[in-house]
Amino acid sequence: MHTIIHPLSPASRLPLTEVPAHQPNLRKPSYDCRDHPDTVKLTVYVPGVEAAGVEIEARGPDLIVTARKVHFVRINWQALHLEGAQRDYQLRLRLGHGLDYAGLHAEIYEGVLTVTLPKRLPAEASLRARHVA
């Protein structure tokens, strides 16, 4: 008796990298998130990005950091498979409602983006939780 084993369909396989379907030219950067008593400090490593290319957006409990590199075309351009190394970055993190996104402070130096988010006072956080429920 013969056994037929069907290969996994491409839709059922796990993706190798997390790339949003609507923006395939973005990749997830390396990052470090530290919780301090009164702040949360996020360090994102985005080599090749200048301050003008950074966009930080807060949507509810999510923080979205998009960092775009400066793209230029060389005079002696040839395809060298550099497309992967020249992709822009996007990081999506769910940090919660306990942070003051309006008080966000960010700075970038030599490809290292540091984002500091102050925490809300416990009274503000509990008041917000009552309104949501």
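Which of the lysines could a cross-linker span from Lys28 if the Cα-Cα distance has to be under 23 Å and same-chain partners fewer than 8 positions apart are dropped?
Lys41, Lys69
Please give the net charge around Pro118, taking every other residue with its beta carbon less than 9 angstrom from that of Pro118, where Lys and Arg add +1 and Asp and Glu add -1.
Residues close to Pro118 contribute a combined charge of 0.
Give me a comma-separated list of calculated 3J(HN,Hα) values for the range 108-114, in order, Karplus coefficients 6.51, -1.76, 1.60 applied at θ = phi - 60°, integers in Hz, x for any Gly or Pro.
10, 8, 6, x, 10, 9, 10
In what sequence do Ile108, Ile64 fall when counting other Cβ within 10 Å, fewest first?
Starting with the residue having the fewest Cβ neighbours, the order is Ile64, Ile108.
Laboratory data are not the source of any read-out in this text; all were calculated from the coordinates shown. This is a predicted model, so every value here is computed, not measured. In this analysis, Cβ positions are derived from the backbone assuming ideal geometry, glycine residues included, and neighbour counts consider all displayed protein chains.
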